[in-house]
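In what follows, a structure is listed as structure tokens, so that the remarks can point back to it.
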Amino acid sequence: MKKIVYMVCACILWQSIQAQERIPGVPDLKSFKAEMDSCEVNLRAHRRPVIGLSVSRRESGISVSYTYINAVLNAGGAPVVIPAVTDGMVLREIVSGLDGLIMIGGEDANPLWFNEEPRQQLGEVDQERDEYDIRLIRLAADRNIPTLGICRGEQLINVAFGGTLYQDIPSQHGGKNLVKHQQKLPGKYASHTVTVTPGSQLAALIGQGLHGVNSFHHQAVKDVAPGFRIVALSTDSIPEAIEAWPYHPVLGVQWHPEILVTGSDTTMCNIFRFLVNKADTFHLAKEIHRRIFSVDTHVDTPLWFNRPGFNIADRERNRVNLPKMEEGMLDGVFFAAYIRQGERDEASSRRAVEHVDTIIRNIHKVVEENSDLCAIARTSAAFARIKGEGKKAIFIGIENGYAIGKDITNIARFKDLGVLYMTLCHSYDNDICDTSTHTQKAWGGLSAFGQQVVREMNRVGMMIDLSHVGESTFWDVMKLTAAPVICSHSSARALCESDRNLTDDQLRAIAQNGGVVQVCLLNEYLNSKPEKASIEDAIAHIDHIVKVAGMDHVGIGSDFDGGGGITGCEGANDLIQITVKLLERGYSEEDIAKIWGGNLLRVMNEVQAKGK
């Protein structure tokens, strides 16, 4: 009888399998695979941004609470767990694939990180986890990856950027009416209130004023790190949230919003939605940079070449090097062979030529020494090839026509050495023209020699750079040139009164000429109060030039390592933030492609086609 029953059951199971019907509770690999192929591999589905989660270390392994994972999933992100390793190269590879990062809670931070001896009340510390967390935070910041710190995560963010902590609030704060910061209530319930600062990003997410929060800590932010501000306080004046928005995508909260959302608090979901939305935009910016050609048209990095031990392949303290270009997803830069204006006698002029010749040859030497990572680009076709090889493109320009001395043939000679543009002057008049800055107006614009220079640059196919020139020089060149011009690092005078910036009439003239103006990231050219200049100002200048001259006539020339660098965009690694800001302003990928390189390459192609 049992044998008959077994045979009947087996027959039913076989018939079910044959009919491709799944028996509830019984795994069926064939049906499961078919379901995956039909439902889960959808090429048209919106990609979820990848949100990395830091972890706690245990003797048995690593752990992360599912509340964090669930909060990311509900906000539309794809959570991934980052192993607790301290190998910086491994973490760098992992972080490079992230769109967002959450630093989770956990044990106390070692006070030696902020130069304090441990107090008696200090709890458990884990030096390896501290190193892991701080590496993650800095690697993410280098790449401008949107980051959220929760509890310990907020504290380690503050430490990583130079702030300090209360090792133990009760024994260090010294204030009256201290709040109990280590609740016994379940985490889904609030145990005290915080006041959120009006006008902060956090206020935009959850509202200003009082909010109930949970609390599981006895350490907290004390001295806030440079570049951050406190945006929430408990009633005993303990900092409960910090942020670097809008200039850097980093936010930290002392409470645990991922646990609160498991209760009845729906407001805290906004924090995770915000992170995921920012991560989504950041991912799009990265994808756009993979498809387009991005070039910074003016950096003064060759000024660093003679400093002991400097190597463009290292992540140096200067603003432009190959690692920072990789982090900011910048494809190419114009290295400026700059020379200050000197005496204009024959001997001094010859020395100027020799000096610039040496700089150019040093650029070639430095690039050759790092030929596995970069290459000299002379044409747009070479640029495309170099990017295709996974390398960075190095273009060469000359800043200050004083470099050619009094010999017009030096223009063709420098062109043969790879020079693609020359700025006619710098901050003082020279033999070519009057400057915009310390001018004596000796020529009233272009000199007779300067007119020869313009014609010769047109003839050999070298771009004429009108940054630094006086207005009379500008208009003389516009009348004379047979090819489009550039302004490799200039901005809009309508937004910031500076002799180095262009009037709206000049912007319209460049548009009519077919040229391009590269917005300069130097504070004095972006904001009448230089100390307040930020990436927001740079975007405003781009907006203005687009409005006046059109989308085909704007680009970016940072002037990094020569004075450039503003809040929110301090080096080549931060340039991806310009793309993020442009996307948030509604610029399309086509627009961004033009701004980041398309317009400049079009002009370069036209100039080279007109020359020999």
**Study point:** Cα gyration tensor shape of region 45-92, rounded if a/c is under 1.5, else prolate or oblate by comparing a/b with b/c
**Key:** oblate
Review point. Using the per-residue mean of other Cβ atoms lying within 10 Å as a proxy for protection, in what order, highest first, do the peptides 510-516, 422-428 fall?
Key: 422-428, 510-516
Check your understanding: In angstroms, what radius of gyration and Dmax does the chain have, counting Cα atoms only?
Key -> 29.5, 117
Review point. In straight Cα distance, which lysines are under 23 Å from residue 365, not counting same-chain residues fewer than 8 positions off?
Key: 324, 387, 391, 392, 415
Practice item. Compute the accessible area per residue over the chain, keeping the other protein chains in place, probe 1.4 Å, unit Å². Key: 43 Å²
Practice item. List every residue whose amide H lies under 5 Å from the amide H of residue 527, counting only residues 5 or more places away in sequence or on a different chain, with H placed 1.01 Å from N in the peptide plane. Key: none
Review point. So what are the ³J(HN,Hα) numbers for region 316-322, from phi and the Karplus equation (6.51, -1.76, 1.60; θ = phi - 60°), rounded to whole Hz, Gly and Pro as x?
Key: 7, 7, 6, 8, 10, 8, 5
**Study point:** Tail weight of P(r) past 18 Å, computed on alpha-carbon pairs of region 247-379, percent
**Key:** 69 percent
Review point. Within the chain, what percent of beta bridges assigned by DSSP are antiparallel, to the nearest 5?
Key: 35 percent
Point to revise | Total formal charge among the other residues, if their Cβ is under 14 angstrom from that of residue 230, Lys/Arg +1 and Asp/Glu -1 | key: -3
Review point. Share of antiparallel DSSP beta bridges in region 21-130, in percent to the nearest 5?
Key: 25 percent
Revision key, fill the gap. Here, region 568-612 modelled as identical Cα point scatterers in vacuum has Debye log10 I(q)/I(0) at q = 0.14 Å⁻¹ of -0.45
Practice item. Determine Rg/Rh for region 460-612; Rg is computed over alpha-carbon atoms and Rh is the Kirkwood hydrodynamic estimate from the same atoms. Key: 0.95
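Per residue Cα convex hull volume for region 353-392, in cubic angstrom?
Details: hull volume 2.1 nm³, N = 40.
Each residue corresponds to 52 Å³ of Cα convex hull volume.
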Point to revise | Table column - 3J(HN,Hα) (Hz), region 269-276, Karplus curve with 6.51, -1.76, 1.60, x for Gly and Pro | key: 4, 4, 5, 6, 4, 4, 4, 5
Review point. Based only on the alpha carbon positions, what is the Kirkwood hydrodynamic radius of region 412-469, in angstrom?
Key: 11.6 Å
Check your understanding: Taking N as the number of residues in region 278-318, what is its Cα Rg relative to 2.2 N^0.38 Å?
Key -> 1.69
Review point. Which percent of the accessible area of region 448-539 is formed by carbon and sulfur heavy atoms (probe 1.4 angstrom)?
Key: 44 percent
Practice item. Please report, largest first and rounded to whole Å, the three semi-axes of the ellipsoid equivalent to region 206-290, where each semi-axis is the square root of five times an eigenvalue of the C-alpha gyration tensor. Key: 26, 18, 10
Review point. Using only the Cα atoms of region 297-348, what do you get for the radius of gyration and for Dmax, in Å?
Key: 14.2, 45
Review point. What list of ³J(HN,Hα) couplings, whole Hz, do you get for region 287-295 from phi and the Karplus terms 6.51, -1.76, 1.60, once you set θ to phi - 60° and write x for glycine and proline?
Key: 5, 4, 5, 6, 8, 9, 10, 10, 9
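The values are calculated or read from the model by the stated rules, or taken from the named source; none is laboratory data. Remember, it's a predicted structure, so these values are computed and weren't measured experimentally. Cβ: placed from backbone, ideal geometry, glycine included. Neighbour counts: every protein chain shown. What goes into the accessible areas is simple: the full protein's heavy atoms, side chains included, and nothing from ligands, DNA or RNA. Shrake-Rupley method; radii C 1.70, N 1.55, O 1.52, S 1.80 Å.
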